[in-house]
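The values are calculated or read from the model by the stated rules, or taken from the named source; none is laboratory data. Keep in mind that this is a model prediction, so the values were computed, not measured. Every residue, glycine as well, gets a Cβ built from its backbone with ideal geometry; the counts of neighbours run over all protein chains shown. Heads up: the accessible areas ignore ligands, DNA and RNA and are worked out on the full protein's heavy atoms, side chains in. Shrake-Rupley method; radii C 1.70, N 1.55, O 1.52, S 1.80 Å.
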Amino acid sequence: MTNEEAKNLILSIDKFSYVDMISLLGQDECRISYDGPEGMIIMLSDDFMSVASFGDWHGLLPHIDTSCPLICVHDEGLRNYLMEHEGYENKEGCYSYSWWGSPFDIDDHDIRILGPEFLEAITSVYAIDSEDSIRELLRNGRIAGLFIDGELAGFAGFHSEGSMGMLQIFDEYRKHGYGELLEKHDINWALSENRIPYCHVFFSNRASICLQNKLGLVRGEKPIWWIWKEN
C-alpha cells in the first residue's frame, strides 16, 4: 500500500481520530511498516511509530517493534498491554483536535520565527519536550514567538511529528487573547505548507480544550496515548 492509498483508507475510516496518521503519511520520510485488517503501523524514524487498530489489536503485536522508544497508540487496550508487558510508560491520554477550514484572518501582530537564542526562555516555562528536542525545533524554525513592545510574550510551534503544540503565554501577558492568536497563526502556518493543522490535548487540560472548542477545531471520537521507554 502506498502512502497515498493509506491516507485515502484512513480518510474513509475516521479522519478526525486518525488525523495525525494522515499528516504523517504526507511526509517523505514516513513509511508504512504494516497494514492489514487489524490496523496500520507507520514509522517516521527508528525512534517513533504510530499505531492504529481497525480491528482486534492483538493481531498487531507481532508487527510492533518494541525497541522503538516512542509510540503513539490509538487503542487503550494496546496501550495497556504495551505498558504491562513491554515496559512502556504513559501519564495521560489525549484528544485529537483538527482544523479543516480556511485560514483565519489575523490582525497585525509582531510574530516571528524563533532561533536558538530563545532556548532558555522556552525551557524556563515548558518542560514536556526535552531540551534537545526544543533546540532542534528552534534550529529548524518550527517555533514562533509573539512579541509585545519588543518583548517575548508567548510562543507556539510544531512538534517533530507535525502536531501543533508548545503553546505558552508568559504570566504577565495572559488574559489578552494571545493564546488564541498564536494558535490561529499555527493553523495558518500549517495550511500554508499544505498540512492539516491538528493537535493532541491532554484529557486534563481544560484550558486548551476550551480553546480548541472556541476556535472550532473538531475533536476525534477516539483518544490517543503517547507511550515511551528508555532503551
Criterion violated by Glu183 - all others in (1) in contact with a strand residue (DSSP E or B) (Cβ under 7 Å, 6 or more places away or on another chain); (2) assigned to a helix (DSSP H, G or I); (3) farther than 30 Å from Glu76 by Cα; (4) not polar (S, T, N, Q) satisfied: (3)
Selection count where residues are out of contact with any Pro (no Cβ under 8 Å at 6 or more places or on another chain), assigned to a helix (DSSP H, G or I) and not acidic (Asp, Glu), scope the range 129-174: 4
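Quick one: which strands (runs of 3 or more DSSP E) lie wholly within the range 13-79 and hold at least 3 residues that are farther than 18 Å from Gly220 by Cα and without any contact (Cβ under 8 Å) to a residue 60 or more places away in the chain?
31-36, 39-45
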Every pair of residues 6+ apart whose Cβ atoms lie under 8 Å, when the first sits in the range 151-166 and is in contact (Cβ under 8 Å) with a residue 12 or more places away in the chain and of a type in the set (D, E, K, R) while the second is open to solvent by 10 Å² or more (accessible area, probe 1.4 Å) and part of a strand (DSSP E or B): Glu161/Leu44; Glu161/Phe48
Residue check for Lys91: touching a helix residue (DSSP H, G or I) at 6+ places or on another chain (Cβ under 8 Å) and among the basic types (Lys, Arg): no
Candidates Arg195, Arg142, Arg135, filtered to the one that is surrounded by fewer than 20 Cβ atoms within 10 Å (Cβ to Cβ), within 14 Å of the chain's Cα centre (by Cα), within 23 Å of Phe48 (Cβ to Cβ) and free of Cβ contacts under 8 Å to residues at least 24 places away in the same chain: Arg142
